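Here, each number is a calculation from the coordinates, and none is a lab measurement. Keep in mind the model is a prediction, meaning the values are calculated, not measured.
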Amino acid sequence: MVDRLVSNLEPAAEAFCYLEKYLALPTFVYEPGEQPDFEREGVHLVMGDLEVPEAVLNDLENRQFIFVAGNLRCRELWTSGWIFVSGALRANRVVGQSGCNNMLVCDTLEVRELVERGHSMTVIGELKAEVFYSSHGMVTSENEETQHPETSDGDVFLQELLDEEGQVDWNKWYEFVENERRWHR
């Protein structure tokens, strides 16, 4: 199954996909048009585009790996695990919130708000983000014009979300996000 998913990828992107053979997790395959059940632990292979424009996708960290053979479109993606998209990823908000996992987008990552909290994010194509925050400088793009370094908390977040040391209070930030309040400058 993985061979079919990665057969036309660049070598660097293809190497990223062979995690499956090391895992003892079940594999679930979804044909185009099927809606994945991301509540289950395992390796989820979506064999085409995944269009869930109103959905908030939130993975299961180390117990879930998501591979999309086409484009991914959702309202929000909150990831602590492994996400691979062979096409473009378009969302209102993408939040990477883990210190040891990865996201790879082979085409364009187009998002209104991108928040990296220790999660490695690689974009082979173009990166387009209206609001960008990178706590560790772990967002890379092949296009050097869209490369982003580590971001200062005070440059991005509203003053009321910063503690006395100028660091983001992530609990307050999450409250703002949940209540659909503007959290950035």
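By how many nm would the segment from GLU54 to GLU39 lengthen if fully extended, with 0.36 nm per residue of separation less the alpha-carbon distance? Walk me through the numbers before you get to the answer.
Details: separation 15, 0.36 × 15 = 5.40 nm, distance 1.68 nm.
Using 0.36 nm per residue and subtracting the Cα-Cα distance, I get 3.7 nm.
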For the range 149-164, Karplus couplings with θ = phi - 60° (6.51, -1.76, 1.60), whole Hz, Gly/Pro x: x, 4, 10, 6, 4, x, 6, 10, 8, 4, 4, 5, 9, 9, 7, 5
